[in-house]
Amino acid sequence: MELLHIIPQFLISGLTFGAIYSLVALGFVTIARASQIINFAQGEFVMLGGMVTFFFIKNVHLPYLLSAFLAIGVVICLGFLLHLLVIYPLRKASLPILLLATLGASLFLSSSSALFFGTLPKALPPFSGKDLLEIGGVSLSAQSLFVLIATFFVLFLLYILSHYTHLGKAMEASSTDPLGADLCGISRHLMTFLAFGVCSGIGALAGIFITPLFYVSYHSGTLIGLKGFISAVIGGWGKYGGAILGGFILGVAESLSIAFIPAGYKDGVAFLILLLILYFRPKGILGSPFMDSRRW
Amino acid sequence: MRKSALSFIFIFIFALSLSLSYSAEKSPYKIGVNFELTGPWAEITKTLRNAMVLEVERINQRGGINGKPLELIFEDNGFEAGRAAANMTKFTKDPEVFLVVGPFEDTLQATTRAIAEREKITNIIVCPSNRVLREMKQRWAFNIAHNDIIVSEKLVDLSLARKYKKILVFHAAHPLAQTLAEYYKRFGEEKGLKVFISPETHKHTDIDMTPQLIKMKPIIEKEKIDAFYACTSGPPGPIVCKNFRALGIKIPILGTHAFGFGFIIALGGEAMEGVEFPGAKPVVFDQLDENDPAKSINIEFDKRWRERYGTPSDQIAGYGHDIIGLIEDSIKRVKGKVTRETFRDALENTKGFKGTHGLYSFGPAEHDGLSKKDLVFVRIEGGKFKRIRFPGFE
């Protein structure tokens, strides 16, 4: 009885986390769709989104909205730089090498952030003044709703990009059929370059939306990046819908699991779900465009 | 000719040995400092380092102690137990280093304490000891900050003064938070409080405690809990408060003395309003009693700190000030040569040293310097720390 009473609250908390994981997962998927690269610096973009916004508000004394837009701009530039300095010079290397390179870039970004912005955690104020909503005995912070809205807004934009624009289609073609893309005169390097811009922008947006819920510190990108990656794999590596689905499944499962087991095992639940998915349906719930479905 | 050359060499050697012995006379007191200068606590330890440097420069400008200057040798342990141990070992190998200050954090101290015990060198640790370490009765380790016993006693006083009957404790999963919770339960129940320790804990790295708090919500409603004790330190403190208020629970929140760090309020924002905790004196030094010696020491130190660094001093800077003060005080009391052994004995015999945090007294059975009298009740109000008083409980 008592358990039934608190389950709705767990669901709400899980949905909030689901939205966060989805938002991060969308960044992973964007890069994967354009170049098949797994960009482990995605979590760092999320961290930098919050960090740079905080910097503009507190140190430059700009208004919230302007700081947020500037931060997105700065992080997108960093995304472009990451491509120019790390990915492009390694264009002839194999995927595992690129993966390690992004991992190195992620360490570099988090350590530099510690040097520039300091190591103490930082918080942003919530977007709306009155933050607490109460619906039928279940409390919900308005900020969680904003995160939810942001997730679906980004999904919508990405859907438009990949289905209704030449640019989006060219990006996708350069990963799914490199030879075909080359023959059509699509510059694959340019497409990857642009994809890094898009994914760092999504990351920064995620960071700005979730920092008011928690806080941001130089090492907070790692875990959130990892969870976003897991979400993308669970849902189906390379599918926008899969990223969203995976994110929500992970968020809700983690949150609900705590109703039954001690909270210390929460992170374990994420990896357990990942293992189960990899055992029984390696291409993810919605299937992955990068995996030969005949093999599985 | 040859004779004069020979005598010249002799004179030269004699002069050299004289100058060597003279410089040995003037060679500094070397202190090893083993801090988390990088990693999550980097900014906190930077404050601590700045405070120690400020104090050492002041002492050296006055001509040092017994005519010899102090010298700090900094090593960074990067918040890793392995590097903390390596630094500690390195310092013990330098015969001129007679004392090691650091690490800062609770989780690193066990390692360096063990090395200090083996190598027979004094180790001053900033964070408080916990029950397990204290019961080992190590001879060479000393702790500066208020320990779990006195903080728990003071918090029980606060609960009694506020007439709370039932308190729910939500503690972090590290040894210090655990013993803080246990002592609070023990002392509280002796005084007739009903203390529930939640089976749910949280980790230092958790960024959201909502699920754990949701599980506690029915207990709070069923048992009619009067107050909630967030037994934790660092960023989890404000996170717990934020998540707690986001669930719409309105009961008062109690905190530990680690809530006195300035960044806590910035991080928690409005959720921190009304949080009460047993705080260190530097947190509210301008509101201390006029006859409290800590007040004038803090005012004087704060002035010098502002002149040098441009920001107000805080609890952490106060620890740095007190560490150097304690070292100076002990060296002055050493009779004869300052060695690792004589310094330890002098430090252990410190009685009533006046620092920014209050009065430090050590003894063979007491390696935590401060006592319950060195804590005051603090409430967060309007984004500031405010001292609160309860007649009969000061």
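Brief remarks follow.
- Estimated FRET transfer efficiency when R0 is 56 angstrom, pair residue A:128-residue B:345 (beta carbons, to 0.05): 0.35
- Viscosity 1.306 mPa s, temperature 10 °C, Stokes-Einstein D of the stretch B:234-349 from Kirkwood C-alpha radius, µm²/s: 94 µm²/s
- The mean sequence distance of close C-alpha pairs (under 8 Å, at least 6 residues apart), as a share of the length of chain A, puts its relative contact order at 35 percent.
- Once the Cβ-Cβ distance of residue B:300 and residue A:261 is raised to the sixth power relative to R0 = 56 Å, the FRET efficiency obtained is 0.55.
- Panel note: the C-alpha atoms of the stretch A:1-132, placed on their principal axes, show extents of 59, 42, 25 Å (largest first).
- Take each residue in A:108-117, count the other chain C-beta atoms within 10 Å of its C-beta, and the mean is 1.
- Normalised by residue number, the volume inside the convex hull of the Cα atoms of the stretch A:2-280 is 139 Å³ per residue.
- Inter-chain shielding of A:257-268 (mean C-beta neighbours from other protein chains, 10 Å cut-off): 4
- For the peptides A:109-121, B:119-131, A:240-252, residues were scored by their other Cβ atoms within 10 Å and the scores averaged per peptide; the highest-first order is A:240-252, B:119-131, A:109-121.
- Counting only whole DSSP H helices of chain A, the ones at least 30 Å long by C-alpha along their axis and with mean Kyte-Doolittle hydropathy no lower than 0.5 are A:2-35, A:95-117, A:142-164, A:188-210, A:240-260.
- Under 11 Å, Cβ to Cβ, from residue B:108 - net charge with Lys/Arg +1 and Asp/Glu -1: -2
- In this structure, residue B:354 and residue B:165 have a Cβ-Cβ separation that, at R0 = 35 Å, corresponds to a calculated FRET efficiency of about 0.35.
- To the nearest ten degrees, helix B:81-93 and the longest principal axis of the Cα atoms of chain B are 30 degrees apart.
- When only alpha carbons of the stretch A:231-295 are considered, Rg and Dmax amount to 12.5, 41 Å.
- Between the helical axis of B:148-161 and the longest alpha-carbon principal axis of chain B there is an angle of about 40 degrees.
- Average partner coverage of A:12-22, which counts Cβ from other chains inside 10 Å: 2
- Normalised by the number of residues in the stretch A:149-191, the average gap of Cα pairs under 8 Å and 6 or more apart makes the relative contact order 24 percent.
- Relative to the longest principal axis of the Cα atoms of chain B, helix B:236-246 runs at roughly 20 degrees.
- With the simple model of a label 7 Å out from the Cα in the direction of the Cβ, residue B:27 to residue B:173 spans 4.9 nm.
- Long-range amide H partners of residue B:377 with built H, under 5 Å: B:279, B:388
- Over the protein assembly as shown - Rg/Rh using Cα atoms and the Kirkwood inverse-distance radius: 1.05
- The stretch B:110-131 and the stretch B:59-100: distance between their alpha carbon centers, rounded to Å: 14 Å
- Contact order relative to length of the stretch B:229-274, as percent, for alpha carbon pairs under 8 angstrom and 6 or more apart: 52 percent
- When shorter helices are ignored and each DSSP H run of at least 4 residues is given -39500 (n - 2.57), the per-residue value for chain A at 222 nm works out to -24000 deg cm²/dmol.
- Each 5 Å bin from zero holds the following percent of Cα-Cα pairs in the stretch A:160-280: 2, 9, 14, 18, 17, 14, 11, 7, 4, 2, 1, 0.
- Taking every lysine pair in the stretch A:2-280 that is 8 or more places apart or spans two chains, those with Cα atoms closer than 28 Å amount to 12.
- Separation in nanometres of the label points that stand 7 Å from Cα toward Cβ, at residue B:96 and residue A:70: 4.9 nm
- Net charge of Cβ neighbours under 15 Å - reference residue B:311; Lys, Arg +1; Asp, Glu -1: +3
- Distance distribution note for chain B: the fraction of Cα pairs above 32 angstrom is 38%.
- Relative to the compact-globule estimate of 2.2 N^0.38 Å, the Cα radius of gyration of the stretch B:309-394 comes out at 1.37.
- Note on residue B:286 and residue B:61: the model spin-label points, each 7 Å out from Cα along the C-beta direction, lie 2.4 nm apart.
- Charge dipole (chain A, unit charges on Cβ, about Cα centre) - positive-most of A:189, A:36, A:274: A:189
- Within the stretch A:233-259, backbone nitrogen closer than 17 Å to the virtual label 7 Å beyond the Cα of residue B:221 toward Cβ: A:259
- Using the rule -39500 (n - 2.57) for each DSSP H run of four or more residues, divided by the residues of chain B, the 222 nm mean residue ellipticity is -15000 deg cm²/dmol.
Any read-out appearing in this document is the output of simple, stated calculations on the displayed coordinates, not a laboratory observation. If you're wondering where the values come from, they're calculated on a predicted model, not measured in any experiment. Virtual Cβ from ideal backbone geometry, glycine too; neighbours counted across all protein chains shown.
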